[in-house]
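What follows is a single structure, written as structure tokens, with notes after it.
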């Protein structure tokens, strides 16, 4: 065990696991004065979000929920508080892999995960969901919790075969300090239920649908709702369009378990997690194929013997990490805090993009996967080496969603449609980014910002206001003829234009007796009412207000 690392209150931050748009995750050691130490996971808000009340509440809502749940297959929370202005949660650290990485490794060998292993995982998750769905507050009132983000990356299996359901960050229920808003998409599109993808009311049966998608994918080795286009994915989910080839790759017994949970209509699904769990037990009892075969602990040890963990919360896009040596005598907290800020490589957690964990470059830039035991963390002394492949991240959404636009980065132009995300921006040097969004019937948005290694993320949702028609009336003294390109030509004053689109217009007024013309440019806002007066009796000017 190393003697000292980066201090954070009563915790020592040993290794950064991942970093998202709002929070970063560390493997840490909890240390007390009597020599007691415990390995934990610290999830803390990034500095830019620490003073945003809504984001703080989301983090603490998750902590309060986890504190209220006590189940061997639900990640446990030990503490939550604020240290040096940064809200955090201290949670159980799991030395294992999530189901997304497990499935990827097995598929990479051209193999499939056995249906028996998949059903063993399903049983543990269903037991956890049954506990969460039926949880009550201290007064005995049901919390009516719905996880809303059941996906392969949120099911973690330890090296010894423990199954943990993680990331209740967007869970719906009575634990929330604020009510969730109907009509907002929360979760990963490919693992939503039809009602969730349609922004309708969800209950426990939504989680069962999502879990069934995970199980069918793991057993068949094929994606269920897969498309390069997010809108197409949502459409497939809303129709519960399960590809026949996915079902054909599993046994009839396995299909008899998952297909009822994948029904489009909620009333045709299992009524509870316990009911689905019972059906699995019935299948195991009557089908010898599910009574024999490899068990989960042996499966994990056989396939992932040399890898303790690649981190929790794989749905958080990876950070590019820095390996540095920590010695007893040369700890510089201020310097380390500045370095930590300078090396963050982030992506937005509210849009739910899955990603593999970061590889950790050491001093010689030799890649290592997974966690090393704490005793092998290098000691500090020498130089600090920044990873040379650090990337910037941009996450853009709009209200309403579906706005078209472009992002300009120096000479590069990226055509986008919201929601949009990329985490492949070269920030080896500071770059200026210009953004524009537009939508028919809505005001356009323009923005510009910088990305750098110190500030590698831009995450923002833009509001495109509904355009309200404007009006313009033009008077003249003694009189005149008004022309506005593409609007009117040769109309005598007073000239009134209604239902005018906001924007810039050139207004010209001519006084025919003398041929004199006065011109001005006006910028009419959405819903604006502008009045212009041309004076040919005096200074021959046109004034607008």
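The values are calculated or read from the model by the stated rules, or taken from the named source; none is laboratory data. These numbers were taken from a predicted model, which means no experiment stands behind them. Neighbour counts are summed over all protein chains in view; Cβ atoms, including those assigned to glycine, are modelled from backbone coordinates with ideal geometry.
Quick check: is even one residue across segment 132-147 closer than 11 Å to residue 73 by Cα, in a helix (DSSP H, G or I), in the same structural domain as residue 223 (by TED's automatic domain parsing) and in contact (Cβ under 8 Å) with a residue 60 or more places away in the chain? Yes; the residues of segment 132-147 include at least one that is closer than 11 Å to residue 73 by Cα, in a helix (DSSP H, G or I), in the same structural domain as residue 223 (by TED's automatic domain parsing) and in contact (Cβ under 8 Å) with a residue 60 or more places away in the chain.
Which pairs have Cβ atoms under 9 Å, sit 6 or more apart or on different chains, and link a residue in segment 265-289 that is outside the structural domain of residue 238 (by TED's automatic domain parsing) to one that is in a helix (DSSP H, G or I)? Short answer, once both residue conditions are applied: none. Scanning segment 250-272 for residues that are farther than 19 Å from residue 115 by Cα and part of a helix (DSSP H, G or I) yields a total of 3. Here residue 26 fits the description: without any contact (Cβ under 8 Å) to a residue 40 or more places away in the chain and either in a loop (DSSP other than H, G, I, E, B) or farther than 27 Å from residue 135 by Cβ (or both).
Please work out if residue 17 is surrounded by 20 or more Cβ atoms within 10 Å (Cβ to Cβ), under 23 Å from the mean Cα position of the chain (by Cα), touching a residue at least 60 places away in the same chain (Cβ under 8 Å) and under 19 Å from residue 153 (Cα atoms). It is true that residue 17 is surrounded by 20 or more Cβ atoms within 10 Å (Cβ to Cβ), under 23 Å from the mean Cα position of the chain (by Cα), touching a residue at least 60 places away in the same chain (Cβ under 8 Å) and under 19 Å from residue 153 (Cα atoms). Name the residue that is farthest from the chain's Cα centre (by Cα), counting only residues in segment 229-249 that are part of a loop (DSSP other than H, G, I, E, B) and surrounded by fewer than 17 Cβ atoms within 10 Å (Cβ to Cβ). This residue is 249. Of all the listed residues (61, 84, 98, 79), the sole one being within 22 Å of residue 145 (Cβ to Cβ) and either surrounded by fewer than 17 Cβ atoms within 10 Å (Cβ to Cβ) or free of Cβ contacts under 8 Å to residues at least 12 places away in the same chain (or both) is 79. Taking segment 38-73 as the range and being within 19 Å of residue 83 (Cα to Cα), touching a strand residue (DSSP E or B) at 6+ places or on another chain (Cβ under 7 Å) and outside any helix (DSSP H, G or I) as the test, the residues that pass are 38, 39, 40, 41, 42, 43, 44, 45, 46, 50. Output yes when any residue across segment 387-394 is surrounded by 14 or more Cβ atoms within 10 Å (Cβ to Cβ), at negative phi, modelled with pLDDT of 85 or more and in a strand (DSSP E or B), and no when none is. Within segment 387-394, one or more residues are surrounded by 14 or more Cβ atoms within 10 Å (Cβ to Cβ), at negative phi, modelled with pLDDT of 85 or more and in a strand (DSSP E or B).
Checked against the criterion of being in the same structural domain as residue 424 (by TED's automatic domain parsing), within 42 Å of the chain's Cα centre (by Cα), part of a strand (DSSP E or B) and more than 30 Å from residue 430 (Cα to Cα), segment 443-458 contains not a single residue that satisfies it. All conditions in (1) modelled with pLDDT under 85; (2) under 22 Å from the mean Cα position of the chain (by Cα) hold for residue 428, with the sole exception of (2). Every condition in (1) surrounded by fewer than 19 Cβ atoms within 10 Å (Cβ to Cβ); (2) closer than 14 Å to residue 391 by Cα; (3) touching a strand residue (DSSP E or B) at 6+ places or on another chain (Cβ under 8 Å) holds for residue 429 except the one numbered (3). Residue count for segment 202-226 under the criterion of being under 20 Å from the mean Cα position of the chain (by Cα) and either in a helix (DSSP H, G or I) or in contact (Cβ under 8 Å) with a residue 60 or more places away in the chain (or both): the result is 6.
When segment 25-58 is filtered for residues that are within 15 Å of residue 459 (Cα to Cα) and buried (at least 22 other Cβ atoms within 10 Å of the Cβ), only 45 remains.
Could you tell me whether residue 205 is at pLDDT 95 or above and assigned by TED's automatic domain parsing to the domain that holds residue 231? Judged against the criteria, residue 205 is a match.
In this structure, does residue 462 turn out to be in contact (Cβ under 8 Å) with a residue 40 or more places away in the chain, under 30 Å from residue 402 (Cα atoms), surrounded by 16 or more Cβ atoms within 10 Å (Cβ to Cβ) and in contact with a strand residue (DSSP E or B) (Cβ under 6 Å, 6 or more places away or on another chain)? Considered against the rule, which asks whether it is in contact (Cβ under 8 Å) with a residue 40 or more places away in the chain, under 30 Å from residue 402 (Cα atoms), surrounded by 16 or more Cβ atoms within 10 Å (Cβ to Cβ) and in contact with a strand residue (DSSP E or B) (Cβ under 6 Å, 6 or more places away or on another chain), residue 462 comes out as yes. Beta carbons closer than 9 Å, at least 6 apart along the sequence or on distinct chains, pair a first residue in segment 227-247 that is at positive phi with a second that is at pLDDT 90 or above and exposed (fewer than 12 other Cβ atoms within 10 Å of the Cβ) for 240/265. Looking only at segment 432-442, residues that are outside any strand (DSSP E or B) and surrounded by fewer than 16 Cβ atoms within 10 Å (Cβ to Cβ) come to 2 in all. Just so you know, in segment 496-510 the residues that are closer than 17 Å to residue 475 by Cβ and at pLDDT below 90 include one that is surrounded by the fewest Cβ atoms within 10 Å (Cβ to Cβ), and it is 498. The requirement of being under 24 Å from the mean Cα position of the chain (by Cα), modelled with pLDDT of 95 or more and closer than 24 Å to residue 258 by Cβ is satisfied by residue 125.
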